[in-house]
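The structure appears right after this line, and notes come after that.
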Amino acid sequence: MKYTFLVFLLPFYLLANIDSAFAGKADLQSSPNSVIPHQKSTQVESFDVVSRRLLTGQVNLIFRIEQALIDPDSNKMRAVSGQLVTQTVAVESFLKHQYAYQIGLCDQNQGSSVPVDSIPPLSGSNLKIYCSLYNSSRELAKLTPLLDVLLSRRGELTVVRELPLVSGEKQSDLVLPMSPVSRPNLHKRATAHAILEPDVDKTASLFIGKNKKKAIANYLPPVQPAIKPPSAALTILKNAEKFLATAIAEFPDANNFHNPQKTAAELDRLTYDIYLPEKQLYQKLLSMPNTGIYRVLSYQADLRPLNTVENRSQKNVLGRYPFPVLVEPKGDFMPNLPLQIVKGKFQLLPQGVNYGFMADVGDIPLEQLDASLQAVAPEKRNIFINYQPPKKLNSLQAERQKIITGKHQVLINANQPILNTVEAKLNRTYLVRNLQFQLPEIISNNQPLTRKQRRYLDQLLAMQSSDVIVAFRPVSRRTDGTYTIIWRVLQELNDPKIDDLDDYLQYE
């Protein structure tokens, strides 16, 4: 029996020794006011170590609260509410241990004309850290009622389940006593109320003058919420950050403090953007006009998982890392290269009535390609240069659908029609004929034309369009199946026209 008891206590003994070892190491390395540790008292060393840890905790907590304010997940809001309480208790306990009258002391330093420079056992630098911790904690405590209100709002979007009892005893459901209460895991996303969302095609397609058959009759997808953080909460967080910045500046290694915002931004960039050395490696090509480098992501990167809720007012992956703009923007019309990875293939993302096709032209360096495409095989060169798009809107939409489904009559080779997809490979060069249209809003939105608007019919039907031939070459492949490509615009053709837009007008 005694051996079982000793085995039970062994992990706690080891953890205690590990914690003491790390604490001793931190005391030697984190002291801001000395080079030789033994020249300082144990009390001052303890203040430096503990205050650093509390400051880091405050900074991380502010970042987590900022994320919870814009996230519809109720578990995140509940988690930061509890973390705010525990952090506040930890800071107050530390402050009272150092000096019992922090209210009068720090209030005097905030508003008195004769501030206190130091007070035993706090030096001038430690006093600034002490009061900054006190003021930041007092600011963050104002968030408690706001977070409670916001948690109730999140409960309208996702399920808020009971937390486990403090004493740890089990509790059964009141209606079904034999069924245990489901406990939440705050590390996971809360379950959305709108469950059993069908897995249907969510590709945004624009069909003018015809009805698109839906996968499920009369089905309307759930509307995602638009969440804006309260201005009062943002003001509180900003004030708390100012106090923390004052405290962090008192440490000689202030630049080494962890910044969670910068870390999150860098991780996001590494996940979805190119690596900086890649850009430097192809600097010679990128110095040429109408060239660029871009990371082609999987189509799944921008998809919302089924039965989850997201804040539609926040930028998604495609909003943060948009497709590369190929030519000079024309107002708000920016012709781009909507390329993505779908099942190991490059694919042009269908957008509106836009469409395009592409083909593998072999291992040809981009520098050897020009507007005449003389380095390309004749049959492929003729298709890309001589292709003429339809000028009627209905025919244009039919043309787009034929290319997407592979039913077009124009053939790249003996058996392959022109397609908007091609097998993704390294050390190959691909040609793209990319046609894009910015239809008038009165047409794309099916808005009825008023009598007053008829005077400005020419302006209302004005349309922007683009038709370019662009070449791209994959230069690296990531383990997640995404590619980094370099691209170059070879020829900008005449803007395609649509002659019968007035036939699709609706009159009041």
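Just so it is clear, none of the values below were taken in a lab; they were calculated from the coordinates. Because the structure is a prediction, the values reported are computed rather than measured. Every residue, glycine among them, receives a Cβ derived from its backbone with ideal geometry; neighbour counts consider all protein chains shown.
Placing dummy labels 7 Å off each Cα toward the beta-carbon, the span from ASN218 to ALA194 is 1.8 nm. Between amide H atoms placed 1.01 Å from N, distances below 5 Å from ALA359 occur with LEU431, all of them 5 or more places distant or on a separate chain.
Between ASP332 and THR56, the C-beta separation translates, for a Förster distance of 35 Å, into a calculated FRET efficiency of about 0.20.
Taking amide H positions as modeled 1.01 Å from N, with prolines and chain starts lacking one, the residues under 5 Å from LEU490 and 5 or more places away or on another chain are ILE469, VAL470, ALA471.
Computed from backbone phi, the HN-Hα couplings of region 62-79 come to 4, 5, 5, 5, 4, 5, 5, 5, 10, 9, x, 6, 5, 5, 5, 5, 5, 5 Hz, rounded to whole numbers (Karplus: 6.51 cos²θ - 1.76 cosθ + 1.60, θ = phi - 60°; Gly and Pro given as x). Remark: region 391-398, residue by residue, has Karplus-estimated 3J(HN,Hα) of 10, 9, 4, 5, 5, 5, 5, 5 Hz, where x stands for each Gly or Pro and the curve is 6.51 cos²θ - 1.76 cosθ + 1.60 at θ = phi - 60°.
Under 12 Å of direct C-alpha separation, and excluding same-chain neighbours fewer than eight residues apart, LYS345 reaches these aspartates and glutamates: ASP360, GLU423. Sequentially through region 417-429, phi angles give Karplus couplings (6.51, -1.76, 1.60; θ = phi - 60°) of x, 5, 9, 9, 10, 7, 5, 8, 9, 7, 6, 10, 10 Hz, Gly and Pro residues having no value and appearing as x. For region 439-507, applying the loop criterion from DSSP together with a ceiling of 10 other beta carbons within 10 Å to the trypsin sites (Lys or Arg not before Pro) yields ARG451. Separation of region 471-508 from region 365-434 is 12 Å, based on Cα centroids. Just add up the charged neighbours of PRO252: K/R +1, D/E -1, any other residue whose Cβ is under 12 Å from the Cβ of PRO252. Spelling it out: positives minus negatives among the neighbours equals -2. Is the shape of region 225-269 best called rounded, prolate or oblate, per the rule: a/c under 1.5 gives rounded, else a/b larger than b/c gives prolate, else oblate, with a ≥ b ≥ c the square roots of the Cα gyration tensor eigenvalues? It is oblate, given that a/c is not under 1.5 and a/b is not larger than b/c.
Near GLY292, the amide H atoms lying under 5 Å from its own belong to TRP487; only residues 5 or more places off or on other chains count, and H is placed 1.01 Å from N.
Over all other residues within a Cβ to Cβ distance under 12 Å of PRO440, the charged ones net out to -3, with Lys and Arg as +1 and Asp and Glu as -1. The calculated FRET efficiency for the pair LEU276 and ARG451, based on their C-beta separation and a Förster distance of 56 Å, comes to about 0.45. In terms of surrounding Cβ atoms within a 10 Å radius of their Cβ, THR405, THR88 rank from fewest to most as THR405, THR88.
Listed from fewest to most Cβ neighbours within 10 Å, the set MET77, MET463 follows the order MET463, MET77. Each residue in ILE208, ILE62 was given a count of other beta-carbon atoms within 10 angstrom of its own, and listing them fewest first yields ILE208, ILE62. The distance between label points at ASN185 and LEU163 comes to 1.9 nm (points 7 Å beyond Cα on the Cα→Cβ vector). Cross-link pairs exceeding 21 Å in C-alpha to C-alpha distance, out of LYS142/LYS188; LYS330/LYS392; LYS238/LYS262; LYS262/LYS343, comprise LYS142/LYS188; LYS330/LYS392; LYS262/LYS343.
Counted by Cβ distance under 9 Å from LYS76, the other residues give a net charge of +2, where Lys and Arg count +1 and Asp and Glu count -1. Here the label points at VAL317 and ARG153, each 7 Å from Cα along the C-beta direction, are separated by 2.9 nm in the simple model.
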